[in-house]
Amino acid sequence: MQAAYLTGHGGNEVVAIGERPKPQRRPGEVLVRMRAATLNRVDLYMRDSGAGITHTLPQIMGVDGAGVVEEVDADDPVLKPGMRVVLYPGVTCGRCEFCERGEGVLCTSMKLLGEHRDGTFAQYVVLPAANALPIPDHLDFVEAAALGVNHLTAWRMLVTQARLQPWETVLIFGIGGGVSLAGLQIAKMIGARAIVTSRDDSKLERALRMGANAAVNGRSEDVAKRVQALTGGRGVDVVLENVGAAVWPAAMKSLVRGGRLVTCGATSGDQPGADLRRLFIRQLKIFGSTLGDLREFRDLLGVCERGLLTPQIESRWPLQRLHSALDRLETAEQFGKIAIEID
Ligand SMILES: [Zn+2]
């Protein structure tokens, strides 16, 4: 089968596009004929280093994805051949303390597609049948694939961790990035007021058109001051951020007393000042979050089924042009998901 796979680490030269063995399905698993996937920052990380993530080369890239069921157990209660499905990207052990208490996302031996095992930039993927969920009717394969990492991550951050409410205000750093855009969509679905930041005015304008209530340019403005002004000196209830050190001080200063900060990334550095005095005096809460569990993914798909949310797709590339798509992701100029279509 055709697939895009890593042969080493460091730049596009290590990304090969060619033949890999078609995976064999065992009982309890599903064989999916892939139709689409999208790019995530972690694809660049895996390409360039992969440090700290147990994997063996060659490994097929791609974390999220969607396709059509090709083979499944005849007595599977949900899946049938020909069904359109989106993949939940984490394969959990089902046996550890965390799996047993229903928190698979904390599984001590979670294996993620495209990180710890062969991923989705391929014509076929095999994984446990429970990891394949039917796609809501009005989403195409690309839109469905886009839900699997960014939207699931943002869902857990805002719905499960921060419990954002309709009467609250959320500050979202770095709009344009996948998780931030998904966060904006989810915040608007909830009915909350959303303030977004970016260093790029054109991204701020697009976010305002998508329903953001206010936009702050992080390059030319003091974000914390502007947020205080926008909230009548009160501050925001929730901050969603994945930028890390570069925005942490502004994030902390933007929170109302008792406010919640939820973070899922640290692209600009992971050792900001802790600002402990502010943390305890103002009784702030900080949540770390990554991905989401199968139940949260079902809830997210339910919201899409009702037509409340459709992922923003920036561009679509054939698998053969993956190198160009990765270059596009690396510029960080995109607004929405960069998708890969698989013939
Ligand atoms: Zn487990």
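The values are calculated or read from the model by the stated rules, or taken from the named source; none is laboratory data. Just so it is clear, the structure is predicted and the values come from calculations on it, not from any experiment. Here the Cβ is made from the backbone with ideal geometry for all residues, glycine too, and neighbour counts use every protein chain on show. Protein only, heavy atoms only, side chains kept; ligands, DNA and RNA dropped before computing areas. Shrake-Rupley method; radii C 1.70, N 1.55, O 1.52, S 1.80 Å.
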The chain - accessible surface per residue (Å², probe 1.4 Å): 43
Three-way shape label, the stretch 1-150, alpha-carbon gyration tensor, a/c 1.5: oblate
Choice from ASP275, ASP64, ASP200 showing the highest fluctuation, given a GNM over the chain with Cα pairs closer than 10 Å: ASP275
Proximal lysines relative to LYS285, as straight alpha-carbon distance under 27 Å, when same-chain residues fewer than 8 apart are discounted: LYS188, LYS225, LYS253
As computed over the stretch 279-336, the Cα convex hull volume per residue (Å³): 192
Anisotropy class of the chain from Cα gyration tensor, a/c 1.5 cut: prolate
Cut-off 17 Å (backbone N to label point 7 Å along Cα→Cβ of ILE281), residues of the stretch 222-244: 234-235
Prolate/oblate/rounded call for the stretch 93-180, Cα gyration tensor, a/c under 1.5 rounded: oblate
